[in-house]
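The structure under discussion appears below in the form of structure tokens.
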Amino acid sequence: MSDTADRVKKIVVEHLGVEADKVTEEASFIDDLGADSLDIVELVMAFEEEFGVEIPDDAAEKISTVSDAIKYIEENKG
Amino acid sequence: MRRVVVTGLGLVTPLGADVETTWANILASKSGAGPITKFDASDQKCQIACEVKPADHEYGFDAGKRVDHKIQRQVDPFIVFGIDAAGQALEDAGLTDMSEEDKLMAGCSIGSGIGGLPGIESESLVLAEKGPGRVSPHFVHGRLINLISGQVSIKYGLKGPNHAVVTACSTGAHSIGDAARMIKDGDADIMLAGGAESTVCPIGIAGFAQARALNCSYNDRPEQASRPYDKDRDGFVMGEGAGVLVLEEYEHAKARGAKIYCEVIGYGLSGDAFHVTAPHPDGDGAYRSMQMALKKAGMTPADIDYINAHGTSTMADTIELGAVRRLFGDAIGSVSMSSTKSAIGHLLGGAGAVESIFCILAMRDQIVPPTLNLDTPDEGTEGVDLVPHVARKREVRAVLNNSFGFGGTNASLVMRKID
């Protein structure tokens, strides 16, 4: 598992209060991890902070699974 | 006429994370005061508070017991305390599994004096340092005063009136009084009523200290700082926590065989129309509030055995006492009056609810809680039993609870034992 994936999962566990083994790459934030739309706003902010990336609103809207987040960060981090 | 009784209690205080632990510590004359641990207070005039203790403390609070991890992260501590106390009260009343029909007639009236000040402070710093794009999406609904009632209604499916009082330090008492009226008026059969506060944060302590309301001269001996009616009192000690009661329509409680603590029989409220922080010097507002509560109860002062005073450990203590003396006349000789703020500090918007619970436990156990640190009673306290230092067994049939707040807002509640 990549370093980015580890860090993303750690943030998800901390913010959503879910078991670490539920945070698979296929997991959907809303359908599988109990997040609501505001939780996703908060997660995106935490990813921006952690990785020093900008995630504009239109990109954030397309992030619905853990792997979406990892992929976006891998492609856009400095 | 619909009557209102109390069928459940919940407490989070500096002396315990539940009703029985808090009460045992109150009766044992323990103090919840200590140096501030939540932040570095070394540059503050006031460096002490009555904090709710952490989970690993002997009588600490474990937020995880009744509040989801995610919600804990999103909301201010006053909401966490309120959700927990409400859960305790529902459990005590045996109402955690209500029918859909009951839920439609079950509501919440849990307020706060100030609300999420620590979160307002910290997110303001985020805004200043990192810009608007870093402000939490949970900022607003994690700080709003009515969000204890909101969160509790969502957690337990309570679809009746959803209300939240904001009357500074009278909040808890007004919350109970207003909720009792909603039951009397038929808006609800069950109401969770109470208040919560948690403002032990740099701007909260600084603000009250600058208003000359906080004790700033006992930093080296925090347990002696809250000393209502004592000649050497010098301002209140900030407390935090929550108190929530289950109020229930009498026939509804009886029909389900509920344990009934007491009846809420009188509610009085008034305004001082005098000054933003100081009470009227002759105690006029307090007098009229108590008088109205007694009148509504159909009682005379001689019927009251115990008064839980507002008694904040400020100059206002003797003004309240003067009003009680005027209203009670000769009956002042038979009543006991104490301030439990001497033990747990001033819970601001939570005070009236927490102290109402102490009144109820005084009736249950036939014992009155003490006023700690009353070493040298001030002038004007002669001939009044202020229950100094230690709790005392005595007959307690009916009680009066007073709460007065900034803005000149007063509330009094009368409760009595029920056969």
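The values are calculated or read from the model by the stated rules, or taken from the named source; none is laboratory data. Keep in mind it's a predicted model, so treat the numbers as computed, not measured. Glycine also receives a Cβ, built like all others from the backbone with ideal geometry; neighbour counts cover every protein chain displayed. Please note that ligands, DNA and RNA were not included when accessible areas were found on the heavy atoms of the full protein model with its side chains. Shrake-Rupley method; radii C 1.70, N 1.55, O 1.52, S 1.80 Å.
Is it the case that B:S149 is assigned to a helix (DSSP H, G or I), touching a strand residue (DSSP E or B) at 6+ places or on another chain (Cβ under 7 Å) and more than 12 Å from every other protein chain (Cβ to nearest Cβ)?
Details: assigned to a helix (DSSP H, G or I): yes; touching a strand residue (DSSP E or B) at 6+ places or on another chain (Cβ under 7 Å): yes; more than 12 Å from every other protein chain (Cβ to nearest Cβ): yes.
Yes.
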- Kindly indicate whether any position in segment B:20-40 is within 14 Å of chain A (Cβ to nearest Cβ) and either within 23 Å of B:I145 (Cβ to Cβ) or of a type in the set (V, I, T) (or both). no
- Considering residues that are assigned to a helix (DSSP H, G or I) and at pLDDT below 95, the number found within segment B:273-303 is 0
- Candidate set from segment B:61-101 (those that are of a type in the set (D, E) and open to solvent by 40 Å² or more (accessible area, probe 1.4 Å)); member that is nearest to B:V6 (Cα to Cα): B:D92
- Query: For A:D32, which of the numbered conditions (1) modelled with pLDDT under 95; (2) open to solvent by 70 Å² or more (accessible area, probe 1.4 Å) fails to hold?
  - Reply: (1)
- Task: Could you identify the single residue in B:S226, B:S270, B:S217 that is without any contact (Cβ under 8 Å) to a residue 60 or more places away in the chain, among the hydroxyl-bearing types (S, T, Y) and not in a helix (DSSP H, G or I)?
- Result: B:S217
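Kindly establish whether B:A211 is under 28 Å from B:A309 (Cα atoms), of a type outside the set (S, T, Y) and touching a residue at least 40 places away in the same chain (Cβ under 8 Å). Step through it out loud before you land on a result.
Working: under 28 Å from B:A309 (Cα atoms): yes; of a type outside the set (S, T, Y): yes; touching a residue at least 40 places away in the same chain (Cβ under 8 Å): yes.
Yes.
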- Which of the strands (runs of 3 or more DSSP E) contained wholly in segment B:304-419 include at least 2 residues that are open to solvent by 30 Å² or more (accessible area, probe 1.4 Å)? none
- Task: Can you confirm whether segment B:176-195 contains a residue that is touching a strand residue (DSSP E or B) at 6+ places or on another chain (Cβ under 7 Å), within 22 Å of B:A343 (Cα to Cα) and away from chain A (no Cβ under 14 Å)?
- Result: yes
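Yes or no, residue by residue, for (1) farther than 19 Å from B:K259 by Cβ; (2) open to solvent by 40 Å² or more (accessible area, probe 1.4 Å); (3) without any contact (Cβ under 8 Å) to a residue 40 or more places away in the chain:
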residue: B:G8; (1), (2), (3): no, no, no
residue: B:G16; (1), (2), (3): yes, no, no
residue: B:V19; (1), (2), (3): no, no, no
residue: B:L27; (1), (2), (3): yes, yes, no
residue: B:G32; (1), (2), (3): yes, no, no
residue: B:K38; (1), (2), (3): yes, yes, no
residue: B:D43; (1), (2), (3): yes, yes, yes
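Condition first: within 14 Å of another protein chain (Cβ to nearest Cβ) and part of a helix (DSSP H, G or I). Now tell me which residues in segment B:120-136 satisfy that. Walk me through it before giving the result.
So the first thing to find is which residues in segment B:120-136 are within 14 Å of another protein chain (Cβ to nearest Cβ), and the list is B:123, B:126-127, B:129-136.
B:E123, B:V126, B:L127, B:E129, B:K130, B:P132, B:G133, B:R134, listed by residue number.
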- Message: Can you name every one of the helices (runs of 4 or more DSSP H) wholly within segment A:10-78 that holds 1 or more residues which are farther than 19 Å from B:K70 by Cβ and within 14 Å of chain B (Cβ to nearest Cβ)?
- Response: A:37-51, A:57-60
- Task: Mind listing whichever residues of segment B:154-182 are touching a Gly at 6+ places or on another chain (Cβ under 9 Å) and either among the aliphatic types (A, V, I, L, M) or part of a strand (DSSP E or B) (or both)?
- Result: B:L158, B:N162, B:H163, B:A164, B:V165, B:V166, B:A168, B:A173, B:I176, B:A179, B:M182
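Just to be sure before I move on: is B:V152 of a type in the set (V, I, T), in contact with a Leu (Cβ under 8 Å, 6 or more places away or on another chain) and open to solvent by less than 30 Å² (accessible area, probe 1.4 Å) in the structure I sent?
On the way: of a type in the set (V, I, T): yes; in contact with a Leu (Cβ under 8 Å, 6 or more places away or on another chain): yes; open to solvent by less than 30 Å² (accessible area, probe 1.4 Å): yes.
Against the criterion (of a type in the set (V, I, T), in contact with a Leu (Cβ under 8 Å, 6 or more places away or on another chain) and open to solvent by less than 30 Å² (accessible area, probe 1.4 Å)), B:V152 qualifies.
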